[in-house]
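Trainee: Here it is, the structure in full.
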Amino acid sequence: MITNFFVLSPRGDTVIAKNYRSKSGVGAHERSHTEAFFRKVKFWDGVAPGTPGMDSTLGLGTGSKGLSSSQSGASDGDSKEGSKRFGDAPPVFVMPDGYSYMHVKRNGLIFGCATEKNVSPVVVIELLSKIAKVFKDYCGTLSEESIRKNFILLYELLDEMLDYGYPQVTQTENLKAFVYNEPIVVAPVADTGKMINPKTASASAVHKPVISSVDSDGRKTSLSANQKNEIFVDILERLNVLFSNNGYVLNSTIDGCIQMKSYLAGNPQLRLALNEDLIVGKNGGSSYGSGVTVDDINFNDCVNLSEWEHGRTLSFFPPDGEFIVLNYRMTGEFKTPFRIFPSIEEVEPNKLEIAVHVRAEIPDNHFGANVSIEVPLPQIATAASCQVVNTPGATGVHAEYVSHEKKLLWTLKKFPGCSEQTMRAKVSLSGPCTSQIRREIGPINMNFEIPMYNVSSLQVRYLRVAENMPGYSPYRWVRYVTQSSSYVCRL
């Protein structure tokens with residue numbers, strides 16, 4: 001299946017590497033190959049084979065801009081060529097060495113592999129995601145430091161998970177019987193620069209390994225010693241919304257999941273109840289009234305659905321580590337948390353005035369965190385000045401022109417609900433603004449996170465232990481988070 005597996009740090013250093021089969025005695029995980037792979041991922045150019053002056057990398061997707069006709073005639077030097085952006089590298093592409101490379105990114109680390117066989121990319125991407133999840137479950141936190149300190153344990157896990165490049169055992173609880181090394185616990189790095197509210201942060205307990213561990217001082221810590229009976233539940237929703245240039249919603253979907261991590265002694269059976277008026281499918285009937293409607297839903301294998309139809313209640317024995325109880329998808333009309341209203345005005349032949357007005361339609365007791373809005377500009381843009389019309393309550397507001405990427409970047413650390421924000425920019429061009437140049441502007445891309453709020457109104461009614469156990473009172477932590485996946489407005 002796969003020829004090799006490797007983990008790269010954000011700098012491109014090889015942290016973990018394992019070769020399963022090689023061609024002519026050369027493993028694609030060796031330094032020269034991983035360096036070439038990292039350069040291609042870091043500076044993706046979207047170039048297909050046969051392009052003069054470029055290496056023959058075949059990209060299965062060409063990023064946000066794609067190959068334009070102006071590129072073929074770009075002979076104005078490396079600086080102009082380097083200013084073109086092609087977005088992020090696709091998860092699957094072919095390198096000149098003849099191998100197909102596949103990768104996923106987790107916490108800044110790159111989990112990748114190469115194969116010379118014609119394998120299903122979806123299967124390999126799922127395998128890489130599983131490996132990253134198992135590493136996190138056994139190390140407690142997923143970082144370069146934790147991987148370096150636990151490399152013996154992780155190589156032992158890899159030996160059990162993959163045999164000759166084929167997946168064998170990938171479940172966290174099933175691997176416990178075969179693993180004898182203990183993890184060294186590494187304190188998670190608190191990203192205080194991006195986090196403005198503790199509600200968006202995970203509790204420190206979720207960083208505990210699933211097996212007995214050793215702390216940094218060499219003291220052994222058992223899971224049973226001083227362990228609280230805790231269970232963590234996350235209701236995560238990722239929004240995909242496309243707006244027209246006058247603020248109307250053209251397409252909108254919600255991809256959601258309920259994710260859990262259990263630290264309950266004795267592994268008791270749990271009961272999780274959702275909205276009683278939840279309807280599955282557009283033609284799901286009217287027996288539950290006009291409540292929350294999801295298009296489709298799928299459950300983890302451990303879930304017992306005997307009470308689902310009449311009570312919207314799930315029962316299950318939680319497996320070890322982090323796991324997803326269910327995934328759901330919702331399409332159609334729903335109230336978008338933010339609306340974008342852009343406008344472009346040509347004030348002079350070589351000057352444009354761009355205004356972006358954003359209205360928060362979430363309740364005033366909620367807010368958008370880590371909000372960023374990007375407006376791509378044409379390649380002939382030479383300078384831009386930004387001005388923000390600020391409203392009370394917003395913090396960390398900043399707008400700037402990023403010259404090497406030819407875009408306007410507007411960031412807000414906190415965007416209060418039921419408020420409006422406006423950014424105006426005056427853009428200077430090196431030539432006249434033709435219709436073709438006008439088409440290079442946009443689309444506007446918005447990223448945000450809203451803690452303790454979900455758009456679909458899916459709620460957890462209760463989470464309790466199925467059996468009545470005297471003196472057993474677990475701590476239940478439930479968190480709602482809404483994030484943008486693709487929040488785009490056309491210009």
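Trainee: Could you check the simple spin-label distance between Val94 and Tyr180, using points 7 Å along Cα→Cβ, in nm with one decimal?
Mentor: 4.5 nm
Trainee: Could you work out how much longer the chain between Asn300 and Ile324 gets when fully extended? Use 0.36 nm per residue separation minus the Cα distance between them, nm to one decimal. Write out the running numbers ahead of the final one.
Mentor: On the way: separation 24, 0.36 × 24 = 8.64 nm, distance 0.66 nm.
Going from the current span to full extension adds 8.0 nm.
Trainee: Working with all protein chains in place, sort Thr391, Thr3 by solvent-accessible area computed with a 1.4 Å probe, largest first. Walk me through the numbers before you get to the answer.
Mentor: Values: Thr391 40, Thr3 0 Å².
The ranking, largest first, comes out as Thr391, Thr3.
Trainee: What spacing in nm lies between the two simple spin-label points modelled at Ser486 and Leu158, each 7 Å away from Cα in the Cβ direction?
Mentor: Spacing of the two 7 Å Cα→Cβ label points: 3.3 nm.
Trainee: Which FRET efficiency value, to the nearest 0.05, do you get for Ala355 and Leu250 by plugging their Cβ-Cβ distance into 1/(1 + (r/R0)^6) with R0 = 25 Å?
Mentor: Values: r = 21 Å, r/R0 = 0.83.
Result of the calculation: an efficiency of 0.75.
Trainee: Quick one: plug the Kirkwood hydrodynamic radius of region 448-491 (C-alpha pairs) into Stokes-Einstein at 10 °C, 1.306 mPa s, and report D in µm²/s. Numbers along the way, then the final one.
Mentor: Numbers: Rh = 13.9 Å.
In µm²/s, the coefficient rounds to 114.
Trainee: Which of Val325, Ser315, Leu352 sits closest to the plus end of the dipole of region 295-399, meaning its Cα is farthest towards the positive end, when Lys and Arg get +1 and Asp and Glu get -1 on the C-beta?
Mentor: Positive-end residue among those listed: Leu352.
Trainee: Related question: Roughly how many nanometres apart are two label points built 7 Å out from the Cα toward the Cβ at Leu242 and Thr422?
Mentor: Once both label points are built, they end up 2.9 nm from each other.
Trainee: Could you order Thr14, Thr482 so the one with the most accessible surface comes first? Probe is 1.4 Å. Intermediate values should be presented prior to the final figure.
Mentor: Numbers: Thr14 55, Thr482 0 Å².
From most exposed to least exposed: Thr14, Thr482.
Trainee: Still on this structure: Dipole magnitude of region 296-452 about its Cα centre, charges +1 at Lys/Arg Cβ and -1 at Asp/Glu Cβ only, in debye to the nearest 20? Could the numbers behind the result be given before it?
Mentor: Details: 14 positive and 19 negative charges, 136 e Å.
Charge dipole, region 296-452, about its Cα centre: 660 debye, nearest 20.
Trainee: Then there is this: If you stretched the chain out fully between Arg39 and Arg11, how much longer would it get, using 0.36 nm times the residue separation minus the C-alpha to C-alpha distance?
Mentor: Values: separation 28, 0.36 × 28 = 10.08 nm, distance 1.02 nm.
Length difference between fully extended and current span is 9.1 nm.
Trainee: Can I ask one more? Taking H placed 1.01 Å from N in the peptide plane, check which residues at least 5 places from Asn229 or on another chain put their amide H under 5 Å from its amide H.
Mentor: Amide H to amide H, under 5 Å and 5 or more residues apart or across chains, Asn229 pairs with Tyr475.
Trainee: If you average the C-alpha positions of region 346-398 and of region 401-441 separately, how far apart do those two centres end up, in angstrom?
Mentor: Using only Cα atoms to place each centre, the spacing works out to 6 Å.
Trainee: For region 388-400, just list the computed ³J(HN,Hα) in residue order, Karplus coefficients 6.51, -1.76 and 1.60, θ = phi - 60°, integers in Hz, with x standing in for Gly and Pro.
Mentor: 10, 8, 8, 10, x, x, 6, 10, x, 7, 8, 10, 8
Trainee: Based on alpha-carbon centroids, what's the gap between region 240-267 and region 96-151 in Å, whole number please?
Mentor: Cα centroid to Cα centroid, the span is 24 Å.
Trainee: Let me ask another. From the protein chains alone at 1.4 Å, what is the descending order of accessible area for Asp159, Asp97, largest first? Intermediate values should be presented prior to the final figure.
Mentor: Numbers: Asp159 85, Asp97 45 Å².
Output order, biggest surface exposure first: Asp159, Asp97.
Trainee: Can you list the HN-Hα couplings for region 406-418, worked out from phi with the Karplus curve (6.51, -1.76, 1.60; θ = phi - 60°), rounded to whole Hz and with x for Gly and Pro?
Mentor: 6, 8, 9, 10, 10, 10, 9, 6, 9, 10, x, x, 6
Trainee: Skip the ligands, DNA and RNA, and give the accessible area per residue of region 243-400 with a 1.4 Å probe, whole Å².
Mentor: 46 Å²
Trainee: Could I ask something else about it? Amide H neighbours of Asp295 under 5 Å, at least 5 residues apart or on other chains, H built in the peptide plane: list them.
Mentor: HN-HN under 5 Å from Asp295: Gly281, Arg329, Met330, Thr331.
The values are calculated or read from the model by the stated rules, or taken from the named source; none is laboratory data. Just so you know, these numbers come straight off a predicted model, no measurement behind them. No Cβ is skipped: glycine too gets one built from the backbone with ideal geometry, and neighbour counts run over all protein chains shown. What goes into the accessible areas is simple: the full protein's heavy atoms, side chains included, and nothing from ligands, DNA or RNA. Shrake-Rupley method; radii C 1.70, N 1.55, O 1.52, S 1.80 Å.
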